[in-house]
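Working notes for the structure below.
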Amino acid sequence: MNSRERKRTKLALFGGTFDPVHNGHLALALAAYRQLEADEILFMPTKLRYYKTTKITTSAYDRYAMLTLATQPYDFMRVSDLELCSDPEENYTVNTLRRLKEEMPDTELYFLIGGDSLEHLGTWRDPEGLFSLATFAAAIREDVDRTKAEELIRNYQSEYPGASLKLLSMEAMDVSSTVIRERAAKGDSLDGLVPENVEAYIRKQHLYQNA
Ligand code: ATP
């Protein structure tokens, strides 16, 4: 096989606050790995919470540490501190994708989002730039969300010709970081919601006591 025929590496970037990472995030990453036939899933915790009203109070160190624990069983998952270590102005997804593209010009980039984030994509900084750099893959619940998601995709593609968006189907997982923080604050079990080693870390470090 010569170099032109060689399959391009598929890297799926998964950005989020991951405060903390939970089993819904892992299920999305697994769905992407299988359905996109991705070579690697790269979790990229963000420094700031751009589109939400609540502030992150958990340290970058703790959020990164929990991601490292959660992804330990999967050799195709990695955690990047690129956004945690760069200055906030460079932190926009479009800038991150640009940096990765420069570093890995031959890699096919995907960006993973939950279905709920699909409708906000047009408000992210420089959507045109975003769509020129990566294929966006949104995870939807097969039973309810498909029609609405397909309509959103059609709208993006007519506004940004050439934009590439895909849907990933996954079983609905009714879990969010908000729920985890609230349960941890009350001392409720996190069993089945986060990996065991993440729950142990939350307890040991006394995280989310005032959530
Ligand atoms: P919070 O409750 O603090 O708002 P979150 O659980 O939504 O957090 P984020 O780190 O903000 O977690 O999300 C990162 C990405 O993961 C987003 O694209 C979001 O849509 C997606 N996501 C979050 N929870 C789930 C879930 N249960 N199933 C699938 N995708 C999810």
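The values are calculated or read from the model by the stated rules, or taken from the named source; none is laboratory data. These figures come from a predicted structure and were not determined experimentally. Quick reminder, even Gly has a Cβ in these numbers, built from the backbone with ideal geometry, and neighbours come from all protein chains shown. Please note that ligands, DNA and RNA were not included when accessible areas were found on the heavy atoms of the full protein model with its side chains. Shrake-Rupley method; radii C 1.70, N 1.55, O 1.52, S 1.80 Å.
Enumerate the aspartates and glutamates that Lys148 could reach by cross-link, defined here as Cα to Cα under 16 Å, with residues fewer than 8 away along the same chain left out.
Asp116, Glu119
Heavy atoms of the protein only, probe of 1.4 Å, neighbouring chains included. What is the accessible area of Phe14 in Å², nearest 10?
In the full protein context, Phe14 sits at about 10 Å².
Rounded to the nearest 5, what % of DSSP beta bridges with both residues in the chain are antiparallel?
Looking only at bridges with both residues in the chain, the antiparallel portion is about 0 percent.
If amide H atoms are built 1.01 Å from N in the plane of the peptide, which residues on other chains or at least 5 residues away come under 5 Å of the amide H of Thr46?
Placed amide hydrogens put Gly16, Thr17 under 5 Å from Thr46.
Could you work out how far apart the two model spin labels at Lys7 and Trp124 are, taking each label as a point 7 Å from the Cα in the direction of the beta carbon, and quote it in nm?
Going by the 7 Å Cα→Cβ label model, 2.5 nm.
Spelling out what I want: for every residue of region 181-198, take phi, set θ = phi - 60°, compute 6.51 cos²θ - 1.76 cosθ + 1.60 (Karplus), and round to whole Hz; glycine and proline get x.
Here the 3J(HN,Hα) series is 4, 5, 5, 4, 4, 8, x, 6, 5, 10, 4, x, 9, 9, x, 4, 5, 6 Hz.
Mind giving me the nanometre distance, one decimal, between the label points for Ser132 and Ser158, set 7 Å out from Cα along Cα→Cβ?
It is 2.4 nm.
With every protein chain present, what accessible area does Lys148 have (1.4 Å probe, heavy atoms only), rounded to the nearest 10 Å²?
Here the accessible area works out near 120 Å².
Order Asp81, Asp174, Asp116, most accessible first, counting only protein heavy atoms with a 1.4 angstrom probe.
Asp174, Asp116, Asp81
Please arrange Asp75, Asp126, Asp106 by accessible surface area, largest first, computed with a 1.4 Å probe and ligands excluded.
Ranking Asp75, Asp126, Asp106 by accessible area, largest first, yields Asp75, Asp106, Asp126.
What list of ³J(HN,Hα) values in whole Hz, one per residue of region 15-31 in order, does the Karplus curve 6.51 cos²θ - 1.76 cosθ + 1.60 (θ = phi - 60°) give from phi, with Gly and Pro shown as x?
Rounded to whole hertz, the list is x, x, 7, 6, 10, x, 4, 9, 5, x, 4, 5, 5, 5, 4, 5, 4.
What is the extension gain from Asp106 to Arg146, computed as 0.36 nm multiplied by their sequence separation minus the C-alpha to C-alpha distance, in nm to one decimal?
11.3 nm
With +1 assigned to the C-beta of every Lys and Arg and -1 to the C-beta of every Asp and Glu, and no other charges, what is the dipole magnitude of the chain about the Cα centre in debye, to the nearest 20?
The calculated dipole for the chain is roughly 180 debye.
What is the distance, in nm, between label points placed 7 Å from the Cα along the Cα-to-Cβ direction at Ser189 and at Glu37?
Simple spin-label model gives 4.1 nm for this pair.
Taking the inverse of the average 1/r across all pairs of different Cα atoms in the chain, what Kirkwood radius in Å do you get?
17.9
Please calculate the 1.4 Å probe accessible area of Tyr201, with all protein chains present, and give it to the nearest 10 Å².
40
Please list Glu119, Glu150, Glu199, Glu102 in order of solvent-accessible area, largest first, computed with a 1.4 Å probe with all protein chains present.
Listed by decreasing accessible area, they come as Glu102, Glu119, Glu150, Glu199.
Work out from phi, with θ = phi - 60° and the Karplus expression 6.51 cos²θ - 1.76 cosθ + 1.60, the ³J(HN,Hα) of each residue of region 123-129, listed in order in whole Hz, and give x for Gly and Pro.
Whole-Hz 3J(HN,Hα) from phi for region 123-129: 9, 5, 5, 6, x, 4, x.
Per residue of the chain, what 222 nm ellipticity follows from adding -39500 (n - 2.57) for every DSSP H run with n ≥ 4, rounded to the nearest 500?
Using -39500 (n - 2.57) per qualifying helix, the result is -11500 deg cm²/dmol.
Need the list of lysines near Lys47 for cross-linking: C-alpha distance under 21 angstrom, and skip anything on the same chain fewer than eight residues off.
In chain and number order, the partners are Lys55, Lys101.
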